[in-house]
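Inspection log for the structure reproduced underneath, given as structure tokens.
The values are calculated or read from the model by the stated rules, or taken from the named source; none is laboratory data. Please read these numbers as outputs of a predicted model, since none were measured by experiment. Methodologically, a virtual Cβ is constructed for each residue, glycine included, from the backbone with ideal geometry; neighbour enumeration extends over all protein chains shown.
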Amino acid sequence: MPSAKRTKPMRRGIASGSAAVALTRQAEDYLKTIYEIERNGDAAATTLIAARLHIAPASVSGMVRRLARQGLVEVERYRGARLTIRGRRRALQMIRRHRILESYLVTRLHFGWDGVHEEAERLEHAVSPDLIERMAAALGHPAVDPHGAPIPRADGTVDDMRLRTVGDLAVGRSARVARMSDRDPALLRYLGELGIRPGVSLRLVDRAPFEGPLTVAVGRMRHIIGTAVARQVYVR
Ligand SMILES: [Zn+2]
């Protein structure tokens, strides 16, 4: 068997969609989900993927094996899936689409920041690379989306550092809100009512013992928030 066939040149860069194999919408969602789980430092266990995608763990295993055959993930026995370089590139490409769509919907079409996640979840699988790049250009190539999440660049790089949450702050310390989870519209509306948005400064005034509520000062206002909320608000 001639071995020359095996030495395919490596493709680099995420901007051109042409080099990439077409993936199903479901596969694209898996890659994004695995990326988000890995961001927190561990391999993506089947149970974690299933919980985030709201599906049965049994169906996750099959899809993960398929992604492994396509060279997009590697499976570590008893631990879970990790993205390969190619898989990570595809995941970041999807995340770039998602976050540019959200930015465009909020900035240009005046959607509320609590309403754009679901729209972007649907559109990200349908838009062409050209449309996304035109949207990015029309917005002046923003660095973050409306929820403060970094938008991966067209070359596939991203400054996606792990951040502390309000819940991690020491009492008396101030910090600037960097980003928040975009998955729960009700949470975003609630935070919006409290004036807690990316770019806003806040101070942790008090923390009740035994995982009790936190008192935060936002401008002249003081709010009492639950620990579950404090864990969703990232600061720097
Ligand atoms: Zn979103």
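Some points to look at:
- Test result for R99, in contact with a strand residue (DSSP E or B) (Cβ under 9 Å, 6 or more places away or on another chain) and within 30 Å of G195 (Cα to Cα): yes
- Candidates in the stretch 77-115 are the residues that are within 13 Å of the ligand (Cβ to nearest atom) and aromatic (F, W, Y); of these, the one that is nearest to V158 (Cα to Cα) is Y104.
- Qualifying position, being assigned to a loop (DSSP other than H, G, I, E, B), farther than 21 Å from G112 by Cα, at pLDDT 95 or above and not assigned by TED's automatic domain parsing to the domain that holds H110, among V171, V216: V171
- In the stretch 110-163, the qualifying residues are those that are among the basic types (K, R) and assigned to a loop (DSSP other than H, G, I, E, B), and the one that is surrounded by the fewest Cβ atoms within 10 Å (Cβ to Cβ) is R162.
- Odd one out for D168, checked against (1) surrounded by 15 or more Cβ atoms within 10 Å (Cβ to Cβ); (2) away from the ligand (no atom under 16 Å from the Cβ); (3) charged (D, E, K, R): (1)
- Close pairs from the stretch 93-111: first farther than 14 Å from D182 by Cβ and in the same structural domain as A154 (by TED's automatic domain parsing), partner of a type in the set (F, W, Y) and away from the ligand (no atom under 14 Å from the Cβ), Cβ under 6 Å, at least 6 apart: none
- Among the residues of the stretch 116-135, some residue qualifies, meaning at least one is among the aliphatic types (A, V, I, L, M), away from the ligand (no atom under 16 Å from the Cβ), assigned by TED's automatic domain parsing to the domain that holds L53 and at pLDDT 95 or above.
- Residue check for A19: among the small types (G, A, S), over 22 Å from the mean Cα position of the chain (by Cα) and either modelled with pLDDT of 95 or more or not assigned by TED's automatic domain parsing to the domain that holds R231 (or both): yes
- Exclusive hit being within 16 Å of the ligand (Cβ to nearest atom), assigned by TED's automatic domain parsing to the domain that holds A228 and assigned to a strand (DSSP E or B), set A178, A186: A178
- Single unsatisfied condition, L163 versus (1) in contact (Cβ under 8 Å) with a residue 60 or more places away in the chain; (2) within 16 Å of the ligand (Cβ to nearest atom): (2)
- Just one residue in the set A43, A56 is farther than 30 Å from P146 by Cα and either free of Cβ contacts under 8 Å to residues at least 40 places away in the same chain or of a type outside the set (V, I, T) (or both); that residue is A56.
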